[in-house]
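Asker: The structure's right below; bear with me while I get my questions together.
The values are calculated or read from the model by the stated rules, or taken from the named source; none is laboratory data. All values reported here derive from a predicted model rather than from experimental measurement. Here Cβ is always computed from backbone atoms with ideal geometry, including for glycine, and neighbour counts include all displayed protein chains. What goes into the accessible areas is simple: the full protein's heavy atoms, side chains included, and nothing from ligands, DNA or RNA. Shrake-Rupley method; radii C 1.70, N 1.55, O 1.52, S 1.80 Å.
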Amino acid sequence: MDDPIAELLSKIAAQDRAAFRAIYSSASSKLMGVLLRILGNRAEAEDALQEVFTRVWLRASRYDADKGRGMTWLIALARNHAIDRLRARRETQADGDDAINAVIDTAPRAETRLIAVGEAKRINQCFETLETEKAAALRGAYLAGLSYIDLAARFDVPLNTMRTWLRRSLLKLKECMEQ
């Protein structure tokens, strides 16, 4: 399969700056969405995005195309970084640094808002390509945080059927988003 992100990652591993600019343009909005969803704070997500791309520059040679697609690797990198930040945030809050967090300007920047709006439109269009029940199940699982068991009961299907619905729906959603 054609994987332009994987190709860019191999060029970045060879310190190709043009490839780095291209991957930033291609992937930053998707990664921003992942970071924003996990961190829940736009300013922190923007900082985390820059840190993720620093890691991409430094660790591109670790990407193995045999283990998955390039975008999947980038999303995993962003997700893991966001989780690390959440852990650090908990430690900081336990130390009593809440006053500093209260001063931070969390207002989204105009460019970030435009990117988010564009991505939201794209994902909504992609959700419309799914069957109604399967789109609702996917939203329940990943936006409302419902368990597979809860979803299986809600849609009156066996648990393994729900897992299959979600896996296949995610793949269709991913294909649509990559177009």
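Asker: Determine whether Phe20 is assigned to a helix (DSSP H, G or I), more than 21 Å from Tyr142 (Cα to Cα) and open to solvent by 20 Å² or more (accessible area, probe 1.4 Å).
Answerer: Yes, satisfied.
Asker: Within the stretch 139-146, does at least one residue satisfy the condition of being closer than 20 Å to Arg37 by Cβ, exposed (fewer than 13 other Cβ atoms within 10 Å of the Cβ) and either of a type in the set (Val, Ile, Thr) or touching a residue at least 40 places away in the same chain (Cβ under 8 Å) (or both)?
Answerer: no
Asker: Can you report the number of residues in the stretch 147-179 which are within 20 Å of Gly33 (Cβ to Cβ) and open to solvent by 100 Å² or more (accessible area, probe 1.4 Å)?
Answerer: Within the stretch 147-179, residues that are within 20 Å of Gly33 (Cβ to Cβ) and open to solvent by 100 Å² or more (accessible area, probe 1.4 Å) number 3.
Asker: Next question, about the same structure. Given the criteria in contact with a His (Cβ under 9 Å, 6 or more places away or on another chain), assigned to a helix (DSSP H, G or I) and either surrounded by 19 or more Cβ atoms within 10 Å (Cβ to Cβ) or without any contact (Cβ under 8 Å) to a residue 12 or more places away in the chain (or both), does Leu8 qualify?
Answerer: No: the conditions fail for Leu8.
Asker: Considering each residue of the stretch 134-144, count those that are in a helix (DSSP H, G or I) and out of contact with any helix residue (DSSP H, G or I) (no Cβ under 6 Å at 6 or more places or on another chain), and give that number.
Answerer: Number of matching residues: 3.
Asker: Please specify each residue of the stretch 155-179 satisfying the condition of being over 29 Å from Pro4 (Cα atoms) and in a loop (DSSP other than H, G, I, E, B).
Answerer: Those that are over 29 Å from Pro4 (Cα atoms) and in a loop (DSSP other than H, G, I, E, B): Asp156, Val157, Pro158.
Asker: Check whether at least one residue in the stretch 51-68 is under 15 Å from the mean Cα position of the chain (by Cα), outside the structural domain of Ala144 (by TED's automatic domain parsing) and closer than 26 Å to Ala144 by Cβ, and report yes or no.
Answerer: no
Asker: Of all residues being among the small types (Gly, Ala, Ser) and more than 24 Å from Ser10 (Cβ to Cβ) in the stretch 23-66, which is surrounded by the most Cβ atoms within 10 Å (Cβ to Cβ)? Just the residue, please.
Answerer: Among residues in the stretch 23-66 that are among the small types (Gly, Ala, Ser) and more than 24 Å from Ser10 (Cβ to Cβ), the one surrounded by the most Cβ atoms within 10 Å (Cβ to Cβ) is Ala45.
Asker: Right, here's the next one. Just checking, does the stretch 145-154 include any residue being in a helix (DSSP H, G or I), of a type in the set (S, T, N, Q) and in the same structural domain as Ala120 (by TED's automatic domain parsing)?
Answerer: No, every residue in the stretch 145-154 fails to be in a helix (DSSP H, G or I), of a type in the set (S, T, N, Q) and in the same structural domain as Ala120 (by TED's automatic domain parsing).
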